[in-house]
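One structure below.
The values are calculated or read from the model by the stated rules, or taken from the named source; none is laboratory data. Remember, predicted model here, so these are calculated numbers, not experimental data. Don't worry about glycine lacking a Cβ; one is built from the backbone with ideal geometry, like all the others, and counts go over all protein chains shown.
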């Protein structure tokens, strides 16, 4: 089986990662490029980044050895429904020297597969946005949230940043001295922690600073909330607790009570050593005490496993997962 090679790609808004592995678990090459999500960057640029990551990953590999590939990205359904976008990806695949077929899966499924080989379970992702999905037979089944910053993404990085600004504005409306978190947010947005003699003027400056940038940029304030919560700041801890409850509620929309299959946590807010990850884990353990909780790991390796598992020579997908997908650090 060592002669058979599979390729996996984890395509995000900020980076594109590719890996080429043999079925005996040998990592033959990796590649990294800039963000390649066609929804964010357009199909042509996305395809160019895909090609750059593939070429690096295959630098020491004969592309004719590659038998299958999987591309994982957010908005996979939109790419599949866009003939021009899919044609751009087809061209990039061919220019990399690949002649095998490839499959496009949503990033939620790839995140799930990076944490477990179990065919059924749940994945909860919280980064800039937030989404929960039920997985059945390694296919996305029911999905909750992921509706974007305007209509959903409850508990996400955007949500944390927006709530922090709202609390700052509440302090200013009440003419109260901003707390520690509020001062950090004020400094980030205006460059100063000073409040004008008329707090309404400072509130106006905050609103202008927010509205001058794309709304989703509020997610850049999420680390301030996470840090303040870790340091014990009460307002930040309250925001984190509410975010955790909202994320758990999204899971409860699609996951049956008493389910014992695994839950995989993905996204920067739930895979790092953050207060939100700790609180979410506790809440999920309370609601589903018999369910294993896993962290998402290497998405490109998981995509490669998804590509390989249906090959006729693969008789034990779980054992293959153990070889191909390293456990999260």
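Counting only residues that are out of contact with any strand residue (DSSP E or B) (no Cβ under 9 Å at 6 or more places or on another chain) and part of a helix (DSSP H, G or I), which one in region 56-86 is farthest from residue 104 (Cα to Cα)? Taking the candidates together, the pick is 64.
Does residue 304 count as surrounded by fewer than 18 Cβ atoms within 10 Å (Cβ to Cβ) and over 17 Å from the mean Cα position of the chain (by Cα)?
Values: surrounded by fewer than 18 Cβ atoms within 10 Å (Cβ to Cβ): no; over 17 Å from the mean Cα position of the chain (by Cα): yes.
Answer is no for this residue.
When 84, 49 are checked against the criterion of being crowded, with 16+ Cβ neighbours inside 10 Å, touching a residue at least 24 places away in the same chain (Cβ under 8 Å) and in contact with a helix residue (DSSP H, G or I) (Cβ under 9 Å, 6 or more places away or on another chain), a single residue qualifies: 49. When 200, 167, 184, 162 are checked against the criterion of being surrounded by fewer than 15 Cβ atoms within 10 Å (Cβ to Cβ), assigned by TED's automatic domain parsing to the domain that holds residue 232 and not in a loop (DSSP other than H, G, I, E, B), 200 stands alone in meeting it.
Do you know which of the residues in region 25-40 that are buried (at least 18 other Cβ atoms within 10 Å of the Cβ) and under 18 Å from residue 80 (Cα atoms) is nearest to the chain's Cα centre (by Cα)? For region 25-40, the residue satisfying everything is 37.
Considering only region 89-137, how many residues are part of a loop (DSSP other than H, G, I, E, B) and within 19 Å of the chain's Cα centre (by Cα)? Working first, answer last.
Step one: filter region 89-137 for residues part of a loop (DSSP other than H, G, I, E, B), giving 96-101, 114-120, 127-129, 137.
Those still in the list that are within 19 Å of the chain's Cα centre (by Cα) too: 114-117, 127-129.
Total satisfying the criteria: 7.
Listed conditions (1) part of a loop (DSSP other than H, G, I, E, B); (2) under 20 Å from the mean Cα position of the chain (by Cα) are all met by residue 276, apart from (1).
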